[in-house]
1. Output wanted: per-residue J couplings in Hz (rounded whole) for region 221-234, from phi through Karplus 6.51 cos²θ - 1.76 cosθ + 1.60, θ = phi - 60°, x for Gly and Pro.
2. Per residue of region 259-265, what does 6.51 cos²θ - 1.76 cosθ + 1.60 with θ = phi - 60° give for ³J(HN,Hα)? Whole Hz please, x for Gly and Pro, Karplus curve as stated.
3. Take Asp206, Asp335 and order them by how many other Cβ atoms sit within 10 Å, fewest up front.
4. List the aspartates and glutamates whose Cα lies under 12 Å from the Cα of Lys319, skipping any in the same chain that are fewer than 8 positions away.
5. What is the extension gain from Thr186 to Gln76, computed as 0.36 nm multiplied by their sequence separation minus the C-alpha to C-alpha distance, in nm to one decimal?
6. Figure the gain on full extension for Arg148 and Glu90 (residue separation times 0.36 nm, minus the Cα-Cα span) and round it to one decimal in nm.
7. List the lysines whose alpha-carbon lies under 28 Å from that of Lys320, not counting same-chain residues fewer than 8 positions away?
8. Please report Phe338, Phe139 as a ranked list, fewest other C-beta atoms within 10 angstrom at the top and most at the bottom.
Amino acid sequence: MKPITAFLFVWAAASILACGKASLEQPAANAGPVAVEATGTVRISLGGPFTATRVTNPADEVETQCQRWALWLFDQNGDSTAYGTSLSGEGISKTVLVGDYTAVALVNYPTSLDPADIRKKQDIAERVTSLSDNAAGAFLMYGETTIRLEKDRTVSQTVDVKRLVAKVGIKKVSVAFESPYLAAKTTVLQAIYLTNLYRTSRMGADYTSAELSAASSAWYNVMGWHLGGSTNAATDALVGDLAIQATLTPSAPHTSAHYFYAYPNPTPEGADTHNAVWSIRSSRLVLQVAVGGKTYYYQIQIPAMGRNRKYIAEEIILKKLGSQDPEQEIPGAVDVVFSASGQDWDNDYNVTENT
């Protein structure tokens, strides 16, 4: 049995240590007020072409819709300090410590992305997305800008966001065969679609041509419709229309516009190839046309593409028989009149920080 004096000594020592710890954690009675770090408030709402009064074309409304969006504030070390989400045009308000930040906005982000998981700016800027993450009425859009928050102030600033996809289209298809023999045959525009498309893109920036993978599995519609690699309905809806079946005559061209959406393929025109063995090459707009019941293909090369840019053919005129291979072209088979090639896409979104 331990002596009672030893027990009392241990109890007394423990009591002294406990009291000492408590005294360190508590401010002295005559201490001044505890300093509070200064904060600023950022109030953010979506602006740009969200109001119906600014929509002049039904297609514009589909191309500018917002289903949901997220915003992150990253400090100078690239660390996430705050984030928020919103549906449609509902705003986001955040109060954070004063300082310099990078605000990043992502519109129509995939439901598989949890904004709370983003810890660093590179986690979202370098994140890879598939073309199938987009849909008509829900195109992915990304933008960023710098913000300086000052004490007890609300910042007003605009974050411009751009669609990750490029827009490719045809407004009119005409037939003007030079040969009377061909002119006498029934000509039917069966389908229009895009080929040689890159499947993925980064959220924050397009790939450079040097970053493209040469593996055919990294591409969609390799050298023809549904050739090379897996396919899916979501991507098909963006890159082709296979049910046109419009009869063409010199007096009755096809005047229904067709628009398609793809991730940018930055391959320069000078690096294009039509080799029968797959290699990196330009994307193409392909017209599938039946002349006298036999199918032919007409290809239009798309220049090096960029996000949120448009490549629109005002008119495509069939002059000769096309190729029997969707990848091989016949020189002089078509005339193309471009109305917009590589121009900025109209009706960009803005994300506006309002007071």
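Where a number appears in this text, it was derived from the coordinates with a stated rule and is not lab data. Note that the structure is predicted; figures quoted are calculated from it, not measured. Every residue, glycine as well, gets a Cβ built from its backbone with ideal geometry; the counts of neighbours run over all protein chains shown.
1. 6, 5, 6, x, 5, 6, 9, x, x, 6, 10, 8, 5, 4
2. 3J(HN,Hα) across region 259-265, in whole Hz: 10, 10, 9, 9, 6, x, 9.
3. Least crowded to most crowded, the residues run Asp335, Asp206.
4. Answer for Lys319, where 12 Å is the Cα cut-off: Glu178, Asp335, listed by chain and number.
5. Stretched fully, the Thr186-Gln76 segment lengthens by 33.1 nm.
6. Values: separation 58, 0.36 × 58 = 20.88 nm, distance 2.30 nm.
Between Arg148 and Glu90, full extension yields an extra 18.6 nm.
7. Counting by Cα, and skipping residues close in sequence, Lys320 has these lysines nearby: Lys167, Lys171, Lys172, Lys185, Lys294, Lys310.
8. Values: Phe338 15, Phe139 25.
In increasing order of surrounding Cβ atoms, one gets Phe338, Phe139.
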